[in-house]
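Student: Encoded as structure tokens, here's the structure I'll be asking about.
The values are calculated or read from the model by the stated rules, or taken from the named source; none is laboratory data. Every value quoted in this text rests on a predicted model; they were computed, and no experiment measured them. FYI the Cβ positions are ideal-geometry reconstructions off the backbone, even for glycines, and counts take in every protein chain you see.
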Number of protein chains: 2
Amino acid sequence: MAERKKRVLITGAAGRIGRELASRLHDRYELRLHFHRVVPDDLRHLEHVVGDVADYDSIAPAFEGMDAVVHLAADPRTFAPWESVLHANIIGTYNVFEAARQAGVRKIVFASTNHVMGMYDRDQQWPVYSHQPVRPDSLYGVSKAFGEALGRYYADRYGISVICLRIGWFLPGPTDEISRWMWLSPRDCAQVIWRAIETDLGFGIFYAISANSQRHWDITDTMEKLGYRPEDDAERYFASK
Amino acid sequence: MAERKKRVLITGAAGRIGRELASRLHDRYELRLHFHRVVPDDLRHLEHVVGDVADYDSIAPAFEGMDAVVHLAADPRTFAPWESVLHANIIGTYNVFEAARQAGVRKIVFASTNHVMGMYDRDQQWPVYSHQPVRPDSLYGVSKAFGEALGRYYADRYGISVICLRIGWFLPGPTDEISRWMWLSPRDCAQVIWRAIETDLGFGIFYAISANSQRHWDITDTMEKLGYRPEDDAERYFASK
């Protein structure tokens, strides 16, 4: 008898990463997609819910029966102003963690970002490791540092497995010098997320980028602790063009 | 000619620490006290302002002309619920940092807490150093981790000197086993805060406790980088009784 597929809620599924996961992970998991307001026409046939993460009651029912949550919903702009960061990223992330806990969900994959550590880049002080003190480069980065701290608390306090992925630059292909070191390819993104869903680890913060030869962030932990085996490298991508 | 005294705003000055600072630092600085709602009768004669830190406009004028801000205002309960943590500690702290920046204040002393690292205590994994990854033991602790990350951002981005003090247990005297290692005496508290105001350091996170022989937190950095010279030790206090 086949093992039951895990039920996975993806918040913010209308975003670029959410859409990619919807197509790449639907064979592996039973997906439920969360959208903020509008249901995209091309995703309408998939199981979905609509709600504002800043409004607890509007999203709480979406967590019932889920085995895992991939929390992508956020204002992803590095220049996002405080009011938006506060509602979408801080209140929204608290609501997602709390709704997951209340519904008995035992796994949360939190989409964090390199911007939690962006100020190290200013000093060209590389590589940056995930255990170093945070140095956010924006209110967006501060809000993701908050999410990581909240995740640590939910993991320690409630025994929920929380994996924070500091996602680099998610693009179909690298486009310029910066993307040479921070690129995360679509298939590597899908892989690192399902590895995070599958791990038994209680908590971890990991850089999530492709195996770019010119990377500035350490992915040793991502490979050793999550089993991540990236298939892409921005340099190979350029060489093949 | 005597040097002009620095002008220092203390937020949340009706609290236990704020009251102590008002009496111990008024010779050293020109103080302006901030109260949330009620002006205590015994402090009414001192320069003061009233406002809710969660309401930017109500507190912004208080920052005009200040050289430094000591930000104590918060819901200090470790069991504080999310709504209170959100407004008093997260929105309130953002408003304080932003109002300070807008007013040109170049120094912020942020009252953080050992509860940012409280989950290390559960494993009795001591000493805890301030550069270790955060492990908050409460939403209160998470909100203070947020404040530290925000402080790092304001220091890196705007060149404001931000000193975060992880204050132990502020008490007239130690009362029990736990206070033997986490006690911060009133005079040591006043000292560590004026040391933080006076330092040229751009950013730092420091444990702020007395020189308790049985301490579990490292204060080497507090002594070496801030010049803190604690005068009290809970063991001596007990021995003298």
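Student: Taking the criterion of being within 14 Å of chain A (Cβ to nearest Cβ) and of a type in the set (Val, Ile, Thr), would at least one residue in the range B:70-88 satisfy it?
Tutor: yes
Student: So if I check each of B:SER210, B:SER143, which one is among the small types (Gly, Ala, Ser), in contact with a Leu (Cβ under 9 Å, 6 or more places away or on another chain), in a loop (DSSP other than H, G, I, E, B) and crowded, with 23+ Cβ neighbours inside 10 Å?
Tutor: Of the residues listed, the single one that is among the small types (Gly, Ala, Ser), in contact with a Leu (Cβ under 9 Å, 6 or more places away or on another chain), in a loop (DSSP other than H, G, I, E, B) and crowded, with 23+ Cβ neighbours inside 10 Å is B:SER210.
Student: Kindly establish whether B:GLY173 is at pLDDT below 95 and touching a Ser or Thr at 6+ places or on another chain (Cβ under 8 Å).
Tutor: When the stated conditions are applied, B:GLY173 passes them.
Student: Here is a list: A:ARG215, A:ARG187, A:ARG229. Which entry is buried (at least 18 other Cβ atoms within 10 Å of the Cβ), over 19 Å from B:PRO133 (Cα atoms) and among the charged types (D, E, K, R)?
Tutor: The unique qualifying residue is A:ARG215.
Student: State yes or no: is B:VAL128 of a type outside the set (Gly, Ala, Ser) and at pLDDT 95 or above?
Tutor: In short, no.
Student: Continuing with the same structure: Got a number for residues in the range B:201-218 being within 14 Å of chain A (Cβ to nearest Cβ) and either on the phi > 0 side of the Ramachandran plot or not aliphatic (A, V, I, L, M) (or both)?
Tutor: So the answer is 4.
Student: Right, next: Could you pull out the residue among B:ASP67, B:ASP55 that is in contact (Cβ under 8 Å) with a residue 24 or more places away in the chain and under 25 Å from A:GLU83 (Cβ atoms)?
Tutor: B:ASP55
Student: Which one is surrounded by the most Cβ atoms within 10 Å (Cβ to Cβ), of the residues in the range A:24-36 that are out of contact with any strand residue (DSSP E or B) (no Cβ under 9 Å at 6 or more places or on another chain) and not acidic (Asp, Glu)?
Tutor: A:ARG24
Student: Further, regarding this structure: When you scan the range B:220-229, do you find a residue that is within 26 Å of B:TYR29 (Cβ to Cβ) and touching a residue at least 60 places away in the same chain (Cβ under 8 Å), even just one?
Tutor: yes
Student: Do we have any residue at all in the range B:103-117 that's under 23 Å from B:VAL192 (Cβ atoms) and out of contact with any strand residue (DSSP E or B) (no Cβ under 7 Å at 6 or more places or on another chain)?
Tutor: Scanning the range B:103-117 turns up at least one residue that is under 23 Å from B:VAL192 (Cβ atoms) and out of contact with any strand residue (DSSP E or B) (no Cβ under 7 Å at 6 or more places or on another chain).
Student: Does any residue of the range A:168-179 turn out to be within 20 Å of B:ALA145 (Cα to Cα) and either hydrophobic (A, V, I, L, M, F, W, C) or in contact with a strand residue (DSSP E or B) (Cβ under 8 Å, 6 or more places away or on another chain) (or both)?
Tutor: No, because not a single residue in the range A:168-179 is within 20 Å of B:ALA145 (Cα to Cα) and either hydrophobic (A, V, I, L, M, F, W, C) or in contact with a strand residue (DSSP E or B) (Cβ under 8 Å, 6 or more places away or on another chain) (or both).
Student: Something else: Take A:GLU148 and decide whether it is among the acidic types (Asp, Glu), crowded, with 21+ Cβ neighbours inside 10 Å and at negative phi.
Tutor: The answer is yes for A:GLU148.
Student: Which ones in the range A:122-140 are buried (at least 17 other Cβ atoms within 10 Å of the Cβ) and out of contact with any strand residue (DSSP E or B) (no Cβ under 8 Å at 6 or more places or on another chain)?
Tutor: Result: A:VAL134, A:ARG135, A:PRO136, A:ASP137, A:SER138, A:LEU139.
Student: Which of the following residues is within 18 Å of A:VAL109 (Cα to Cα) and outside any strand (DSSP E or B): A:ILE197, A:ILE205?
Tutor: Answer to the selection: A:ILE197.
Student: Taking into account only those residues within the range B:111-131 that are in a loop (DSSP other than H, G, I, E, B), more than 22 Å from B:THR93 (Cβ to Cβ) and within 11 Å of another protein chain (Cβ to nearest Cβ), which is nearest to the chain's Cα centre (by Cα)?
Tutor: The qualifying residue nearest to the chain's Cα centre (by Cα) is B:TYR129.
Student: Give me the helices (runs of 4 or more DSSP H) completely within the range B:1-109, filtered to those with at least 3 residues that are modelled with pLDDT of 95 or more and either basic (Lys, Arg) or under 14 Å from the mean Cα position of the chain (by Cα) (or both), ordered by residue number.
Tutor: Passing ranges, in order: B:16-24, B:92-102.
Student: Considering only residues that are surrounded by 23 or more Cβ atoms within 10 Å (Cβ to Cβ) and farther than 21 Å from B:ALA22 by Cα, which ones fall in the range B:61-87?
Tutor: If the condition is that a residue be surrounded by 23 or more Cβ atoms within 10 Å (Cβ to Cβ) and farther than 21 Å from B:ALA22 by Cα, then B:VAL85 is the only one that fits.
Student: Moving to a separate point now. Restricting the search to the range A:6-37, which residues are within 12 Å of A:TRP194 (Cβ to Cβ) and of a type outside the set (A, V, I, L, M)?
Tutor: If the condition is that a residue be within 12 Å of A:TRP194 (Cβ to Cβ) and of a type outside the set (A, V, I, L, M), then A:LYS6, A:ARG24, A:HIS26, A:ASP27, A:ARG28, A:TYR29 are the ones that fit.
Student: A:ARG166 - would you say it is in contact (Cβ under 8 Å) with a residue 40 or more places away in the chain and outside any loop (DSSP other than H, G, I, E, B)?
Tutor: Here the answer is yes, as A:ARG166 does meet what is asked.
Student: Would you pick out the residues in the range A:135-187 that are hydroxyl-bearing (Ser, Thr, Tyr) and within 8 Å of another protein chain (Cβ to nearest Cβ)?
Tutor: A:SER138, A:TYR153
Student: Does A:VAL39 satisfy the criteria of being among the hydrophobic types (A, V, I, L, M, F, W, C) and crowded, with 21+ Cβ neighbours inside 10 Å?
Tutor: no
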